There are 2 protein chains.
Amino acid sequence: MQDQQQTSQLTDGENQKFLTDDQLRKGIEAMFFAYRGFTADPDKILENYAYGRAHHRAIHFIGRSPGTTVNNLLDILAVTKQSLNRVLRTLVDDGLVESRIGRQDKRERNLYLTEKGRALEQDLSEAQRKRMRAAYSAAGLEAVTGFRRVLEEIMDPQMRNLLQAMTDGG
Amino acid sequence: MQDQQQTSQLTDGENQKFLTDDQLRKGIEAMFFAYRGFTADPDKILENYAYGRAHHRAIHFIGRSPGTTVNNLLDILAVTKQSLNRVLRTLVDDGLVESRIGRQDKRERNLYLTEKGRALEQDLSEAQRKRMRAAYSAAGLEAVTGFRRVLEEIMDPQMRNLLQAMTDGG
DNA sequence: CTTGGAATGTCAACAAGACTGACATAAACT
DNA sequence: AGTTTATGTCAGTCTTGTTGACATTCCAAG
């Protein structure tokens, strides 16, 4: 089994010490604390409105893919239509989101941010980006590549595909 | 400024293309989808019990730092004592957690998992570790290092310190 | 042209899990 | 002795999720 090609000076055992339960636990806890930071800044902005994280998510994905349908959004957000509808209704009522009847398929509703909606979206996004920008900058390109790589492995395959499709098309 | 040591062939501009708003957005969305996957497996187990994610968090950190106090847990979980107390009460009532009066300071309660509690903790942890193990394994050591690095930069400094203290002491 | 299914909206009831505010008790500190 | 700390508890509220039921509109297939 010892051929002349040594790709690493580490044995398999040493090479995979990052797979110990203790290393995994640290990753799990880091994920928990980081996610809290990740949502903290938008949450603080939303306190000024009568909105919560659910509204942020809807606003984000509508702003990101203008004209998306309710069903699309349901796939992305993985909540019930009743739950999403309550959020969408308040956003439409408050004039942040416009819901247009589909041109080809008139059953569908195409969702768009209004100017007011886009303003809030920018506010929330910039707050969240600011933290991410600082983190990326401090960690460096190589770390960011690894970060993205691991996140993609953690998510469900369907979500990975969905994210991929969004990134290509939208 | 140009010494003989070239650390990179990239200009500053090229070197920081990962800081564009579009790159940041991709990271933000990856974080969102990954966190959902991250919590999915324990959540599925908890459906069989009358417990939720809040119980999982309490069980995790008690199992990780046996003898921890309520106040400690409040700092870690960042919820109100009323919220935590409701969770702890059910766990104590159901015989998963033991609450002992502190030896030095009798105002404090030291929290421990019972055997039953440890069994559930193992079940939940192993489900979550399984996904992380697969992700780490697929992504490789270098990516995992970057992953951890970025997560630490994203979280609030107090949480980073707290996590550090836990990792050292506990 | 009718019928079945899909996309959407809405109503009602409910649950988990967060919150605030108020109050109580015991123990420790000053 | 008086104050602060650690914890527990009651009551009420909010957000966001759930299920179940039902209506409308419209596309598409028979």
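Just a few scattered comments:
- Checking each residue in the range A:132-151 for being surrounded by fewer than 21 Cβ atoms within 10 Å (Cβ to Cβ) and part of a helix (DSSP H, G or I) picks out A:133, A:134, A:137, A:138, A:141, A:142, A:145, A:149.
- Scope the range A:95-106; condition in contact (Cβ under 8 Å) with a residue 12 or more places away in the chain, assigned to a loop (DSSP other than H, G, I, E, B) and near DNA strand C (Cβ under 8 Å from one of its atoms); matching residues: A:102
- Top-ranked residue of the range A:99-131 - restricted to ones that are touching a Phe, Trp or Tyr at 6+ places or on another chain (Cβ under 9 Å) and within 11 Å of chain B (Cβ to nearest Cβ), ranked as surrounded by the fewest Cβ atoms within 10 Å (Cβ to Cβ): A:131
- Filter result (within 11 Å of DNA strand D (Cβ to nearest atom) and loosely packed, with under 12 Cβ neighbours inside 10 Å) within the range B:87-98: B:93
- Listed by position, the helices (runs of 4 or more DSSP H) inside the range A:49-94 whose residues that are under 12 Å from residue A:117 (Cα atoms) number at least 2 are A:53-64, A:81-93.
- Residue in the range A:124-138 that is of a type outside the set (Phe, Trp, Tyr), within 16 Å of DNA strand C (Cβ to nearest atom) and within 20 Å of residue A:43 (Cβ to Cβ) present: no
- Condition check for residue B:21: over 17 Å from the mean Cα position of the chain (by Cα) and open to solvent by 40 Å² or more (accessible area, probe 1.4 Å): yes
- Every residue from the range A:53-69 that is open to solvent by less than 30 Å² (accessible area, probe 1.4 Å), over 14 Å from residue A:89 (Cα atoms) and free of Cβ contacts under 8 Å to residues at least 40 places away in the same chain: A:61
- Number of the exception - residue A:57 against (1) basic (Lys, Arg); (2) more than 29 Å from residue B:19 (Cβ to Cβ); (3) within 12 Å of DNA strand D (Cβ to nearest atom): (2)
- Looking across the range A:70-90, the residues that are within 24 Å of residue A:129 (Cβ to Cβ) and either without any contact (Cβ under 8 Å) to a residue 12 or more places away in the chain or within 11 Å of DNA strand C (Cβ to nearest atom) (or both) come down to A:72, A:73, A:78, A:87.
- Any hit, the range A:74-82, residues being of a type in the set (A, V, I, L, M, F, W, C), more than 16 Å from the chain's Cα centre (by Cα) and more than 9 Å from every other protein chain (Cβ to nearest Cβ): no
The values are calculated or read from the model by the stated rules, or taken from the named source; none is laboratory data. In this text the structure is predicted, and so the values were computed from the model without any measurement. Neighbour counts are summed over all protein chains in view; Cβ atoms, including those assigned to glycine, are modelled from backbone coordinates with ideal geometry. These accessible areas exclude ligands, DNA and RNA; they are computed on the full protein's heavy atoms, side chains included. Shrake-Rupley method; radii C 1.70, N 1.55, O 1.52, S 1.80 Å.
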